[in-house]
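The values are calculated or read from the model by the stated rules, or taken from the named source; none is laboratory data. All values derive from a computational prediction rather than experimental measurement. Here Cβ is always computed from backbone atoms with ideal geometry, including for glycine, and neighbour counts include all displayed protein chains.
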Amino acid sequence: MVAIAKNDELKRVIDEEGNVVKGARPPDIADEELRKIYRTLVQVRVVDERMMRLQRQGRLGFYMQSTGEEATHLAVAALRPSDWVFPSYREPGAAFYRGYELEQFIAQLYGNAADPIKGRQMPVHHSMNWINYVSISSPVGTQIPQATGMAMAAKIQGKDDVAIVYFGEGATSTGEFHVGANFAGVFKAPVIFLCRNNGWAISTSADRQTAAKTFASKAVGYGMPGIRVDGNDVLALYQATADAAERARAGDGPTFIEALTYRVHGHSSSDDPSVYRDPDEPKRWQQADPLARFQRYLGKKKLWTPEWEEALRTEFDQAITVAHDKVANLPPPDVETLFDDVFEELPSHLREQKEWLMAQPRTKSPHYFH
Amino acid sequence: MVAIAKNDELKRVIDEEGNVVKGARPPDIADEELRKIYRTLVQVRVVDERMMRLQRQGRLGFYMQSTGEEATHLAVAALRPSDWVFPSYREPGAAFYRGYELEQFIAQLYGNAADPIKGRQMPVHHSMNWINYVSISSPVGTQIPQATGMAMAAKIQGKDDVAIVYFGEGATSTGEFHVGANFAGVFKAPVIFLCRNNGWAISTSADRQTAAKTFASKAVGYGMPGIRVDGNDVLALYQATADAAERARAGDGPTFIEALTYRVHGHSSSDDPSVYRDPDEPKRWQQADPLARFQRYLGKKKLWTPEWEEALRTEFDQAITVAHDKVANLPPPDVETLFDDVFEELPSHLREQKEWLMAQPRTKSPHYFH
Amino acid sequence: MPTMNIIQAVNDALRLEMRRDPRVVILGEDVAKFGGVFRATSGLVDEFGPDRVMDTPLAEAGIIGAAIGMALYGLRPVPEIQFADFIFPAFDQIVNELAKFRYRSGGQYPAPVVIRTPYGGGIRGGHYHSQSPEALFIHTPGLKVVVPSDPYEAKGLLLSCIRQNDPVLFLEPKRIYRASKGEVPEGDYTIPLGKARVVREGTQVTVIAWGSMLHTALEGVDKAAELGISCEVIDLRTLMPFDVETMVESVKKTGRAVIVQEAPRTCGFAAELSATISERAMAWLEAPVERLCGFDTPFPYTLEHEYMPNGDRVLSTIQKTLDW
Amino acid sequence: MPTMNIIQAVNDALRLEMRRDPRVVILGEDVAKFGGVFRATSGLVDEFGPDRVMDTPLAEAGIIGAAIGMALYGLRPVPEIQFADFIFPAFDQIVNELAKFRYRSGGQYPAPVVIRTPYGGGIRGGHYHSQSPEALFIHTPGLKVVVPSDPYEAKGLLLSCIRQNDPVLFLEPKRIYRASKGEVPEGDYTIPLGKARVVREGTQVTVIAWGSMLHTALEGVDKAAELGISCEVIDLRTLMPFDVETMVESVKKTGRAVIVQEAPRTCGFAAELSATISERAMAWLEAPVERLCGFDTPFPYTLEHEYMPNGDRVLSTIQKTLDW
Ligand SMILES: Cc1ncc(C[n+]2csc(CCOP(=O)(O)OP(=O)(O)O)c2C)c(N)n1
Ligand SMILES: Cc1ncc(C[n+]2csc(CCOP(=O)(O)OP(=O)(O)O)c2C)c(N)n1
Ligand SMILES: [Mg+2]
Ligand SMILES: [Mg+2]
């Protein structure tokens, strides 16, 4: 299996030049919405670049970029705000689209007093219950049966909410993927499985994850439709997701979407892909860049201009600077908070441990405040 | 999904009347071997009946019957004795075929001093390394990635041994099945996945395990051939297994075989199927009985006579009586043995625990020696 | 008051709570028509329908993973794991997900899932139908662990568990599922979590146990009584968070402690209790805290009666602390 | 003698043993060309080829399940789990299968698999790249658990593990992967399992630790020495089976014990050590055994420096036992 393969079965709406491909019809999306989608794509790109720079400067402990895969994030544009997102660590665009603020985003990366999750997790492990964006976990694949469960719950309660669950192609090898997909099939749960096949799981290429011809073909084993979408074509993703959501809400159960895309950079800021992959490989991706393609499409529709692009990038650059200035130097969460949220109420053993810790001299983080 | 479905895709060699079906050719099996296969089928049937009676009399703590599924056990007849079997709890025929002695079998059920596994496990959890029949585990599905690993090891060492792994259709829902099958596909491991689809997992019917059209279709997701065999047709199973072994030895990797059969009795001696399934369902199975079918086939070939049948049944009945008399009243394993085989050597904490226990007054089992 | 066994009491609690709270749902293997292999959910699907009592595919990780998703959405799932020995395929979902959800989300996502599972030996189950894995879960921050020891306790504790907002592992001692019988009030009552119960008052030795071992402990204590030895017996019932005070106060009074645990000795919960008592009551201790435990071997089949603690061994352990 | 860090020592041990014994194979995520995320298997695929150093699909249950099958067939697999936090999907294969294979088969099927995995905090990993799950495995009969504390120990212990015939969990303290450096002999040597190491002799307090906490313990002990307090320091190195004798003899000499553990306190291995010491050396104890542990919360991200034991806290715990 090769990422960015030309493949007949690959669903596309627009080609690399931004032209609608033969036989396709762009989904019916209002101009303002098209521009919002593009805005979000650009936001992810700009944010990723800036955050990675901060990481390289030693200010952030860790970061993960999505470059090349931004279009997959925008599948959520085809859903309602009341639908639930079960993300992995590589879909910040789905959160930005739903209104996650840069200040909160950056505070999470710093894990400081303004972090919505109180500095509990590594950078990029966001959680925003106010936009139904479920807490991110590092263990790969664990969110998958959870998404199925949430979807089963919605169905049980007679609500028409759907769940979308994001994961990489590597995650399809986990037992969790299997049990989550299998439950979804059996219970006809209204859940959309969005597999970002970006060709790599750290240093492991996609063809080492499975001998199946495509990841989409795995859907057969769960009795659900499996479709393979050009993951760099935001309109194709939109359409596939909209279709899947319609099926789900109609009671027809889950859908598996394989979005064929590419991980342009290293796995994370800790990774050095030159050890294991041809440095020319990312270059070949350039022509598939989901931003460039969608930009050309919008350009042809007169919805995009170089000036707007310029303005957008400046806007995000400035917004990031403002947000960063506001939160980057906030103190860490109070030491007392270490013991909150283990349980709803503090049991006596934790109260004792807290009292003990508070009586110790405070220690400085070797990492905080560079 | 219905067990014993008439289905075009179902591979068969002989029909219910024992006639070779149109287009099929019986595998090339010597007459003596055909008779050995039949012998083993009868042995399982007779043993199951006798053991279940012992269980009902309160002499055995637990038992599991295979009635209706015996043909699946004989897939091993298509393999070499040097190939490895990773069984679940419902394939004693595969062991008998390879020479597992009735005395040992019965001693295992009693868990007594003659039990090859020293009374360590519940009845029907056999282990016979001398015939490459791997220790049975209760947790469903765990043997599947192990079989894949053994097959990978054979390949690594340049040996042409293959593994066959048995499991029920319920086991396909486990994460272990998925990871084991997926590894096998990726590493082209010489392993044969033999799924006994007997329609039930305790009280749960097969259509509650998956929304896939067939269990065989799951093979697609692992890039291996998946074939669906009439699981009550011992020759079809033989052929499918022989083909799979040939592929495996040729370096072409794993095969998934769904053997469509039926669990005639309860899940185990602890089960009461009348609570959850139509009591008429097992009756419909009669015509599919793998023994009757194969018997008719052999009869037409003049390899079976009523006299032989009579002799066989008498032979096994007597052999069981003899074996049972020999081992049933043996004492339990020595108390000292409780501490053996945790590790290769006894560490000091276990030595102390052993000394302590030996100094206690002996207690009587409430179950031993009825 | 009706007399019930533990299975009936669990069933009663589930039925009551499902009537009271439409968010309560049950899922697991064979829990619907079959009512579970021990019949604890018997009849519930008839009353509440297949949307609230769900037979699942054979996958514990799926059962717990799905239950978590349901809880995030606002339901109150009470999944059943058929035997505690089969909980390990769901271990990652329990220790890395369920236990950490509230914490890792900064309090945004509580996940009130109550996992019911039969556990422990004494039913001729060999090592795959007999294990007592409580220590693994007690060591996992974010989980509560509760073990009832009789029908009254089972109903009252289970109702408390379903009504509070943290994940709970509710371990049901299957050896006494039917053997333990007693009067159980009809209708609603709860037993607070985190509070131990002094089952018998005494002066010379404190004996601590939970679940089916409480009965084994009482057997030994009865024998001790015949010899004129007075024991205080404590049923811990909530193992996490456990009631340090009741236990330590008792040991301060008696000066001696015996802990009876069915699980293997090394790194079991009894070790924690022993360490805690020594830390807090050392000056009162007249002998080392004694642990009577299962051996550090897999749970055996034929020799299970030699493996498990019994009344005689409880007695001899009590005597040992007195003779020290 | 060359100077190495722990990663290099592990790599050296693997290379040496793979040269010596063709049955030794490595499998895991990203272990081949990439050499593992910590580079412990770096270069091995070049020397031994992809049949003996295998990149696997992303599935820990598959890695351990396959390793078991390989071991049954006669290989000596040394699987790597990328972080100990990701071992839980394989928990069932480890505790129900690997640990019990020899026992359940009556000795027919030993399964000598050595699972290597980096563990512990101090690298800003949050709760999914920092956990210390040793207690869960120590409590599981049938597994050995080994933790090296420096490069010399790492090589010698790992070689011993691969050459013996029981399954081992080999936990590598990743905080000191590169920070701990020392001379390591070229070529072959082994360190026996089950034997603790007295790292420093002393008279007033016995301080017990393993892995990276040994270094934390030594920090505190150095501070104590400045105050004229003499501590004996023991590196347990094999946690199962652990060396009761060395530990208890030391405590009988000093009369006081402090255990330093990074994992959460409740039901951790320190509890077992504390209980064991009290049981066997009560008459010699001049103060309760003290445990300095991680808190009973999930491992945090930002506040990890407040979460983990440190030298000052070791010192104050030592002082506490002396002031008792
Ligand atoms: C259960 C588990 N095992 C291993 C890891 C380490 N790990 C983190 S990400 C990753 C690769 C994931 O690849 P993929 O699913 O394709 O997602 P991508 O990173 O490409 O978005 C691995 C192995 C983990 N986080 N969880
Ligand atoms: C992991 C696990 N979960 C649950 C069980 C309890 N259990 C034993 S057999 C069984 C059903 C298995 O059904 P299937 O795989 O179809 O095999 P069959 O019994 O039909 O041969 C269940 C649920 C178990 N043994 N292991
Ligand atoms: Mg990927
Ligand atoms: Mg079945």
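Assorted remarks:
- Qualifying positions in region A:98-154 - among the charged types (D, E, K, R) and within 11 Å of chain C (Cβ to nearest Cβ): A:Asp115, A:Lys118, A:Arg120
- In region B:168-195, the residues that are facing chain A (nearest Cβ under 9 Å), charged (D, E, K, R) and within 16 Å of ligand 4 (Cβ to nearest atom): B:Glu176
- Test: residue in region B:33-41 that is more than 26 Å from B:Thr172 (Cα to Cα), touching a Gly at 6+ places or on another chain (Cβ under 7 Å) and touching a residue at least 24 places away in the same chain (Cβ under 8 Å): yes
- Some residue of region D:130-141 being within 17 Å of the chain's Cα centre (by Cα), modelled with pLDDT of 95 or more, aromatic (Phe, Trp, Tyr) and surrounded by 24 or more Cβ atoms within 10 Å (Cβ to Cβ): yes
- Evaluation of B:Ile320 against (1) touching a Phe, Trp or Tyr at 6+ places or on another chain (Cβ under 7 Å); (2) within 30 Å of B:Asn112 (Cα to Cα); (3) β-branched (Val, Ile, Thr) (one fails), failing number: (1)
This table checks each residue for (1) within 13 Å of chain B (Cβ to nearest Cβ); (2) more than 16 Å from the chain's Cα centre (by Cα); (3) over 20 Å from B:Ala153 (Cβ atoms); (4) without any contact (Cβ under 8 Å) to a residue 40 or more places away in the chain.
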site	(1), (2), (3), (4)
D:Ser105	yes, yes, no, yes
D:Pro110	yes, yes, no, no
D:Gly121	no, no, yes, no
D:Val145	yes, no, yes, no
D:Glu153	no, no, yes, no
D:Arg175	no, no, yes, no
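- The set of residues in region A:113-126 being crowded, with 24+ Cβ neighbours inside 10 Å and over 12 Å from the mean Cα position of the chain (by Cα) consists of A:Asp115, A:Ile117, A:Lys118, A:Gly119, A:Arg120, A:Gln121, A:Met122, A:Pro123.
- Considering residues of region B:138-149 that are within 11 Å of ligand 2 (Cβ to nearest atom) and among the polar types (S, T, N, Q) only, the residue farthest from D:Pro89 (Cα to Cα): B:Ser138
- Whichever residue in region C:302-321 is without any contact (Cβ under 8 Å) to a residue 12 or more places away in the chain and not in a helix (DSSP H, G or I) and, among such residues, is nearest to C:Ala263 (Cα to Cα): C:Leu303
- Within region C:155-190, the only residue that satisfies the criterion of being closer than 17 Å to C:Arg19 by Cα, crowded, with 24+ Cβ neighbours inside 10 Å and of a type outside the set (A, V, I, L, M, F, W, C) is C:Lys155.
- Test: A:Leu260 is within 16 Å of ligand 1 (Cβ to nearest atom) and more than 11 Å from chain D (Cβ to nearest Cβ): yes
- Sub-6 Å Cβ pairs linking a first residue in region D:274-296 that is farther than 16 Å from D:Val244 by Cβ and at the interface with chain C (Cβ under 8 Å from one of its Cβ atoms) to a second residue that is β-branched (Val, Ile, Thr) and crowded, with 24+ Cβ neighbours inside 10 Å, at least 6 apart or interchain, are D:Glu290/D:Val258; D:Arg291/D:Ile259; D:Asp296/D:Thr266, ordered by first then second residue.
- Scanning region A:333-366 for residues that are in contact (Cβ under 8 Å) with a residue 40 or more places away in the chain and touching an Asp or Glu at 6+ places or on another chain (Cβ under 9 Å) yields a total of 1.
- D:Thr216 under 14 Å from D:Val314 (Cα atoms), crowded, with 19+ Cβ neighbours inside 10 Å and under 16 Å from the mean Cα position of the chain (by Cα): yes
- Among (1) within 14 Å of chain B (Cβ to nearest Cβ); (2) free of Cβ contacts under 8 Å to residues at least 40 places away in the same chain, the one test that C:Thr216 misses: (2)
- Among all positions in region B:150-158, there is no residue which is free of Cβ contacts under 8 Å to residues at least 24 places away in the same chain, away from ligand 2 (no atom under 16 Å from the Cβ) and of a type in the set (Lys, Arg).
- Of everything in region B:218-230 that is closer than 16 Å to A:Phe215 by Cβ and small (Gly, Ala, Ser), the residue that is farthest from the other protein chains (Cβ to nearest Cβ) is B:Ala219.
- Checking region B:205-214 against the condition returns a match, with at least one residue being away from ligand 2 (no atom under 16 Å from the Cβ) and of a type in the set (D, E, K, R).
- Scanning region A:152-210 for residues that are touching a helix residue (DSSP H, G or I) at 6+ places or on another chain (Cβ under 6 Å), closer than 30 Å to C:Gly49 by Cβ and either within 16 Å of ligand 3 (Cβ to nearest atom) or assigned to a loop (DSSP other than H, G, I, E, B) (or both) yields A:Asp160, A:Asp161, A:Val162, A:Val165, A:Glu176, A:Phe177, A:Ala189, A:Pro190.
- No other residue among B:Ala259, B:Ala211 is touching a Cys at 6+ places or on another chain (Cβ under 7 Å) and not acidic (Asp, Glu) apart from B:Ala259.
- Any hit, region B:202-209, residues being more than 14 Å from chain A (Cβ to nearest Cβ) and not polar (S, T, N, Q): yes
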